[in-house]
Amino acid sequence: KAGVTQTPRYLIKTRGQQVTLSCSPISGHRSVSWYQQTPGQGLQFLFEYFSETQRNKGNFPGRFSGRQFSNSRSEMNVSTLELGDSALYLCASSLSDRGEADTQYFGPGTRLTVL
Amino acid sequence: EDQVTQSPEALRLQEGESSSLNCSYTVSGLRGLFWYRQDPGKGPEFLFTLYSAGEEKEKERLKATLTKKESFLHITAPKPEDSATYLCAVQAWNAGNMLTFGGGTRLMVKP
């Protein structure tokens, strides 16, 4: 099975611009979560989508948004970019939300640099 | 609020020198505790899931254990290729699939 894929792998933007990142989950996985990773804050949860609905949201400003399509692919958008948004953005997918904790499998990430 | 603390932040070992990494957690109803390995510039790679206190899992030179307050990742006779950052994360019953991560332990194994 193919793993989680993320595009693009690298992005350079300037302050004030907006950016859209894409994630394709493992085939059959219905839950997609997004995380931001920075050297100072570590890995922080952004939001989770399940069956096209946002199920949970982390403590990030409204400039960060996302969506999920009927094929479980997901996109996240960051508007009005700030220097502090420079980070590795990771997508993770899992099979189901029932019963025992499902393993989340991570993609390689998108490295965003804001100048 | 769920919290995860990992120690030490960094660990240097000689090849073959066994050690343990610690993950202390507080969570409102543990659904699962996860261990991941992350190499520089890459996404975390899944290692183990532990569900309840007393559970143990092994994979090659790694063994993960779980109590009601902490988890340990034991590394037996490490090799240089075990050098990576090891991440611990918890998932609560009331939080969907959200993972709360610790800061990680950066392991360096010298030949």
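The values are calculated or read from the model by the stated rules, or taken from the named source; none is laboratory data. Note that the structure is a prediction, hence the values are computed from the model and not measured. No Cβ is skipped: glycine too gets one built from the backbone with ideal geometry, and neighbour counts run over all protein chains shown. Ligands, DNA and RNA are stripped out before the accessible areas are found, and what is left, the full protein with its side chains, is counted by its heavy atoms. Shrake-Rupley method; radii C 1.70, N 1.55, O 1.52, S 1.80 Å.
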*asked:* I'd like the residue in segment B:23-45 that is out of contact with any Gly (no Cβ under 9 Å at 6 or more places or on another chain), touching a residue at least 60 places away in the same chain (Cβ under 8 Å) and not in a loop (DSSP other than H, G, I, E, B) and, out of all such residues, is most open to solvent (accessible area, probe 1.4 Å).
replied: B:Leu30
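If a residue must be under 9 Å from A:Gln68 (Cβ atoms), more than 10 Å from chain B (Cβ to nearest Cβ) and not small (Gly, Ala, Ser), how many such residues does segment A:38-53 contain? Let's see the steps before the verdict.
Filtering segment A:38-53 for residues under 9 Å from A:Gln68 (Cβ atoms) gives A:49-53.
Among the residues that remain, those that are also more than 10 Å from chain B (Cβ to nearest Cβ) are: A:51-53.
Narrowing the set further to residues that are not small (Gly, Ala, Ser) leaves A:52-53.
The total comes to 2.
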*Going through segment A:1-21 one residue at a time, which ones are over 18 Å from A:Phe64 (Cα atoms) and within 12 Å of the chain's Cα centre (by Cα)?*
A:Val4, A:Thr5
_Subset of segment A:70-107 [open to solvent by 40 Å² or more (accessible area, probe 1.4 Å) and either part of a strand (DSSP E or B) or closer than 15 Å to A:Thr5 by Cα (or both)]_ = A:Asn71, A:Arg73, A:Tyr105
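Matching residues to (1) basic (Lys, Arg); (2) away from chain A (no Cβ under 14 Å); (3) more than 30 Å from A:Leu112 (Cα to Cα); (4) open to solvent by 20 Å² or more (accessible area, probe 1.4 Å):
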residue: B:Thr67; (1), (2), (3), (4): no, yes, yes, yes
residue: B:Ala77; (1), (2), (3), (4): no, yes, yes, yes
residue: B:Asn94; (1), (2), (3), (4): no, no, yes, yes
residue: B:Thr105; (1), (2), (3), (4): no, no, no, no
*asked:* I'd like the full set of residues that are on the phi < 0 side of the Ramachandran plot, more than 8 Å from chain B (Cβ to nearest Cβ) and over 10 Å from the mean Cα position of the chain (by Cα), limited to segment A:94-115.
replied: A:Leu95, A:Ser96, A:Arg98, A:Leu112, A:Thr113, A:Val114, A:Leu115
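Which residue is nearest to A:Leu90 (Cα to Cα), if the candidates are limited to segment A:23-36 and must be among the polar types (S, T, N, Q) and open to solvent by 20 Å² or more (accessible area, probe 1.4 Å)? Step through it out loud before you land on a result.
First, pick out the residues of segment A:23-36 that are among the polar types (S, T, N, Q): A:24, A:27, A:31, A:33, A:36.
Checking the rest, the ones that are also open to solvent by 20 Å² or more (accessible area, probe 1.4 Å) come to A:24, A:27.
Details: A:Ser24: 12, A:Ser27: 18 Å.
Among those residues, the one meeting the criterion is A:Ser24.
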